[in-house]
1. Can you pull the one-decimal nm distance between simple spin-label points at Gln310 and Glu244, each 7 Å off the Cα toward Cβ?
2. What are the ³J(HN,Hα) values, in whole Hz, obtained from phi via the Karplus relation 6.51 cos²θ - 1.76 cosθ + 1.60 with θ = phi - 60°, for each residue of the stretch 216-221 in sequence order, with x given for Gly and Pro?
3. Stokes-Einstein D for the stretch 271-369 at 4 °C, 1.567 mPa s, Kirkwood Rh over Cα pairs, in µm²/s?
4. Averaging the inverse of every distinct alpha carbon separation and then flipping it gives the Kirkwood radius. What is it for the stretch 143-283, in angstrom units?
5. So, by mean Cβ neighbours within 10 angstrom, what's the order for 283-293, 107-117 with the highest one leading?
6. Taking a spot 7 Å from the Cα of Lys329 along the direction of its beta carbon, which residues of the stretch 337-369 have an amide N less than 15 Å from it?
7. Over 35 Å apart: what share of the alpha carbon pairs of the chain falls there, rounded to a whole percent?
8. Mind ranking 41-49, 272-280 by how tightly packed they are, going by the mean number of other C-beta atoms within 10 angstrom, highest first?
Amino acid sequence: MILTVPCLLGLESLVADEMRRLDLKEVRAENGRVHCSGGFADIARLNINLRCGARVLMELGSFPAPDFEALFQGVLALPWEDFIPGDGEFPVKGYSLNSALHSVPACQSIVKKAAAQRLGRVYGRETLPETGSRYQIQFAIVKDRAFLYLDTSGEGLYKRGYRARNMGAPLRETLAAALVILSRYRGKDSFCDPFCGSGTIPIEAALIAKNRAPGLDRRFAAQRWKPMDSKLWLEAADEAMDREFHGNYDIWGGDIDPAAVELAQHNAELAGVSDCVRFETADAGKFHRDSEYGQLVTNPPYGERLLEKQEAEALYRSFGQALRTLPPKWRVLVLSSHTEFERCFGRQADKKRKLYNSMIKCDAFQFGR
């Protein structure tokens with residue numbers, strides 16, 4: 001079967017690399033998603049191990065859909081009964097891009113009607129109860145071609161299960177993991193985040209350092225599916241745990257808000273990494289380290305409103321001055337949407353990468369080779 005992993009724009013190559021390291025076949029990336037071929041065992045392995053992907057979709061088919069009749073007949077022809085039992089719940093959601101069928105609610109209604117008609121015929125029922133496990137149908141209509149999927153993940157893969165509650169506008173765990181990977185941190189050197197908030201970046205760094213699969217402590221929609229043998233999930237979890245590392249790591253997070261630090265410590269405990277991450281109340285404008293090597297990865301406040309923007313610029317200036325005291329072999333990565341970040345920071349980035357934090361267009365500014 002074809003498996004598809006949607007992701008934030010800019011992360012496609014990282015997700016593709018993750019899939020190749022899991023020995024998935026025929027991996028190919030396109031804007032906002034990565035495809036591969038695999039089976040039911042790979043659905044479990046992808047859900048448990050992926051750090052940067054948004055969810056794992058199983059493709060049931062694709063076909064031209066220039067009009068509603070073509071969409072209805074195409075959906076009707078797909079073998080929904082191979083996966084969805086007679087009592088299965090099958091809600092529908094999706095999107096349309098650059099297509100004649102641009103009304104998403106109308107497309108949702110057509111897809112639902114066609115799938116229900118097929119299942120009703122197979123199970124000999126005029127009305128389907130939908131009282132059982134959820135089989136979320138997703139569709140994408142792109143340039144008049146429809147792609148139909150079943151969502152195997154349920155809640156997005158960024159929901160690792162360790163974030164008790166949020167502080168302000170939190171960074172998604174999948175993007176935090178991507179920033180750590182882009183920094184080339186592998187657990188050997190010091191790792192710091194002076195704007196740690198609820199601790200997401202240091203916690204993801206700890207998971208990466210320990211090589212701990214991010215999905216071990218949560219459940220997925222396909223675990224309740226009848227076609228999925230529960231043994232596959234146990235085997236995938238065992239395989240992931242066998243690859244874990246055990247060592248000593250220097251991972252630090254600081255924030256000027258004591259409440260954020262307290263929450264970060266709690267989240268680290270929930271994630272099972274409190275033994276290798278430490279948090280403390282600290283002013284990023286006074287950040288300093290003496291160690292020869294290290295990585296600093298952070299997501300400072302952006303300042304979307306005018307007054308906040310001025311405050312953010314002042315913060316960037318003091319932070320940039322503090323980082324000039326770092327030894328030259330430190331690598332720094334800062335995620336910001338501020339168009340004048342480099343000017344305020346006082347230094348041109350050695351490398352920039354365009355990313356999206358939710359719907360906010362950002363740059364990952366990288367300093368150091």
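Throughout, read-outs are computed from the coordinates displayed, never taken from laboratory work. Worth saying up front: this structure is predicted, and the values here are computed from it rather than measured. So basically every Cβ, Gly included, is an ideal-geometry build from the backbone, and we count neighbours across all protein chains shown.
1. Each label point is offset 7 Å from its Cα along the Cβ direction, giving 5.0 nm.
2. Here the 3J(HN,Hα) series is 5, 9, 9, 10, 10, 4 Hz.
3. Rounded, D is 89 µm²/s.
4. In the stretch 143-283 this quantity evaluates to 16.3 Å.
5. Descending packing order for the listed peptides: 107-117, 283-293.
6. 368-369
7. Numbers: 21868 of 67896 pairs.
In whole percent, the share of Cα-Cα pairs in the chain beyond 35 Å is 32.
8. Values: 41-49: 24.3, 272-280: 18.8.
Top of the packing list down: 41-49, 272-280.
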